[in-house]
Amino acid sequence: MGKNKITVAGIGPGSKEDITPAVIEAIRKADVVIGYKYYFRFIKDLVGSGTECIDTGMRREKERAELAFNHAHNGKNVCIISSGDAGIYGMAPLIYEMKSKYPDNDIEIETLPGISAFQKAASLLGAPIGHDFCVISLSDLMTSWEIIEKRIFAAAEADFVTAVYNPKSENRYWQLHRLKEIFLLSRSGDTPVGYVRQAGREEQETTVTTLREFDPEQIDMFTVIIIGNSQTYRFDRHMVTPRGYYRDEQNGSMSKGREIMTESFSKIVAEMKHPHTDTGRLWALCHAIHTTADFAMEDLLYTDRHAMKDIYGKITSGQLKTIVTDVTMAAAGIRKKALQRLGLEVKCYLSDERTAQMAEQHGTTRSQEAIRLAVAEHPDALYVFGNAPTALIELCNLMRKGKAHPAGVIAAPVGFVHVKESKYMLKTFAGTPKIIVEGRRGGSNIAATLVNAILTLDDAEKLQPGKDL
């Protein structure tokens, strides 16, 4: 270290093992070491016998910086210490600011990085910052709460993994409660949250919980909090935020089409008013909104609790082998590879010769007779309606008579006559898993995409690891 030099050094979170060799060397060669008195206990074995140590109280940062410049101006080698990394809520910015106010002095400034508290906390919690993250301080001593709150909203809505510094003090107790409230507007209550008290020190304590269960009253000023993003999950008492290496376990990479769909779904979830719902319903909503580009689906799509999971379970267990659609267009939109993979067949009886004959004989519609034929041959199929309310009404009548007991019903008939009524009828069948596009809206494309959502429900688990359906 040369003369007329200030080295701003980050000494890490508190363990001697976490101090970098460069910082150790700077402390050993310093004529003067300046810092907050609490931090000297972590470096007492590193300071040379002839080194002058100047410790100050808390919130005396400006005084420490002035002392550093005074000693450096007198030809001393000065090392000013900060906990963690000196550039993250540390002394480095202040030293450079002060240097810029006196540009004609010849004092050299060097910054030596250190392991930050949030990095140490993250390592103890597992791997919570494996993807994009941000750090927010709740201290409003030099930043207004209005600005801090704006940053909290931005971090929560942007789905950043978020580390929280200075979460609490004796007089600052409500801010962390407000942060939790804001995050719950954009994040699921099941989002993993980890916090570490006295990271890297003898008093170290580590906790992993959920955003819903997180209790701000358990936090003090020596605690660092890390809030996961929508992909973070808990594993063996740890937090993991994946990069996406295992997005497609069969092929080792994600196809371009699935990549685009995944990105689209992420944007859809980010723009939804109420994204915090069970994974099955969220998966169905993503498909419906992706197909229509209409966020009104949030209000229009009705799903029985666990309907997606129940129907998918019947498929994977072999109970459900057949899907019946009211029109061929709905059948055409169902993914052929998914059908093949799951051993399913799709049938539409609208073009069956018997349908036209029976409609003429009974004075009914072909849609009604198609459903009668379908029920006679496949009473326990998954029934899908994307066009004809009369077909749905016929199915409901047959269900009332005990002739049909479908594995599930997707109801998205569209139009102005008997459309709403047909959907009201279906809702009365409590024991049948139902997915309904309420009101007059619907269509074969929506009906087909809702079937596709069921057939690919295993993908929903990969996109949202650690969450129950």
Find the accessible area per residue for segment 301-393; the probe is 1.4 Å, ligands and nucleic acids are left out, and the unit is Å².
-> 49 Å²
Acute angle (nearest 10 degrees) that the helix 307-316 long axis makes with the longest principal axis of the chain, alpha-carbon atoms = 70 degrees
Counting only residues 5 or more apart in sequence or on a different chain, those whose built amide H sits under 5 Å from that of GLY408 are TYR383
Report the local net charge at GLY415: Lys and Arg +1, Asp and Glu -1, summed over other residues whose C-beta lies under 15 Å from its C-beta.
-> +1
Aspartates and glutamates within cross-link reach of LYS62: Cα-Cα under 12 Å, excluding same-chain residues under 8 positions apart?
-> GLU97
Could you go through segment 66-71 in sequence order and give the Karplus-derived ³J(HN,Hα) for each residue, using 6.51 cos²θ - 1.76 cosθ + 1.60 with θ = phi - 60°, rounded to whole Hz, and x for Gly and Pro?
-> 5, 4, 4, 5, 4, 5
Placing +1 at every Lys and Arg Cβ and -1 at every Asp and Glu Cβ, with all other atoms neutral, what dipole size does segment 329-469 have around its Cα centre, in debye to the nearest 20?
-> 260 debye
Please list TRP145, TRP174 in order of solvent-accessible area, largest first, computed with a 1.4 Å probe with all protein chains present.
-> TRP174, TRP145
Please list SER351, SER169 in order of solvent-accessible area, largest first, computed with a 1.4 Å probe with all protein chains present.
-> SER351, SER169
Ranking CYS348, CYS79 from most to least accessible area with a 1.4 Å probe gives CYS348, CYS79
To the nearest 10 degrees, the tilt of helix 279-292 (Cα long axis) against the first principal axis of the alpha carbons of the chain is 70 degrees
Sequence neighbours fewer than 8 away in the same chain don't count; with that in mind, list the aspartates and glutamates whose C-alpha is under 15 Å from LYS309.
-> ASP278, ASP458, ASP459, GLU461, ASP468
Between helix 389-400 and the chain: long-axis angle, C-alpha atoms, 0 to 90°, nearest 10 = 80 degrees
When a/c is below 1.5 the answer is rounded, else prolate if a/b is larger than b/c, else oblate, so apply that to segment 1-130 with a ≥ b ≥ c taken from the square roots of the Cα gyration tensor eigenvalues.
-> prolate
Can you give the accessible area per residue of segment 121-161, in Å², using a 1.4 Å probe?
-> 52 Å²
Rounded to the nearest 20 Debye, what is the dipole magnitude of segment 31-139 about its Cα centre when Lys and Arg each give +1 and Asp and Glu each give -1 at the C-beta?
-> 420 debye
Can you give the net charge of the other residues whose Cβ lies under 11 Å from the Cβ of LEU176, counting K and R as +1 and D and E as -1?
-> 0
Gap separating the Cα centres of segment 275-300 and segment 355-408, nearest whole Å | 28 Å
On the accessible surface of the chain, probed at 1.4 Å, how many percent belong to carbon and sulfur atoms?
-> 49 percent
Calculated from backbone phi, Karplus (6.51, -1.76, 1.60) coupling profile of segment 5-10 in Hz, x at Gly/Pro | 9, 10, 9, 9, 10, x
Mind grabbing the accessible area of THR456 for me, 1.4 Å probe, Å², rounded to tens?
-> 10 Å²
Residue among ALA359, TYR424, ALA332 farthest towards the positive dipole end of segment 297-428, charges placed on Cβ | ALA332
Using P(r) over Cα pairs in 10 Å bins from 0, in percent as the read-out, say which of (1) 4, 12, 14, 14, 13, 11, 9, 7, 6, 4, 3, 2, 1, 0, 0; (2) 4, 17, 20, 16, 13, 10, 8, 6, 3, 1, 0, 0; (3) 4, 17, 25, 22, 15, 9, 6, 2, 1, 0 was calculated from these coordinates.
-> (2)
Which cross-chain or sequence-distant (5 or more) residues have an amide H under 5 Å from the amide H of ILE115, H modelled 1.01 Å from N in plane?
-> GLY12, THR20
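The values are calculated or read from the model by the stated rules, or taken from the named source; none is laboratory data. Bear in mind that the values here come from a model prediction, so they are computed numbers and not experimental data. Cβ atoms come from the backbone with ideal geometry, glycine included; neighbour counts cover every protein chain shown. These area figures cover heavy atoms from the full protein model, side chains too; ligands, DNA and RNA do not enter into them. Shrake-Rupley method; radii C 1.70, N 1.55, O 1.52, S 1.80 Å.
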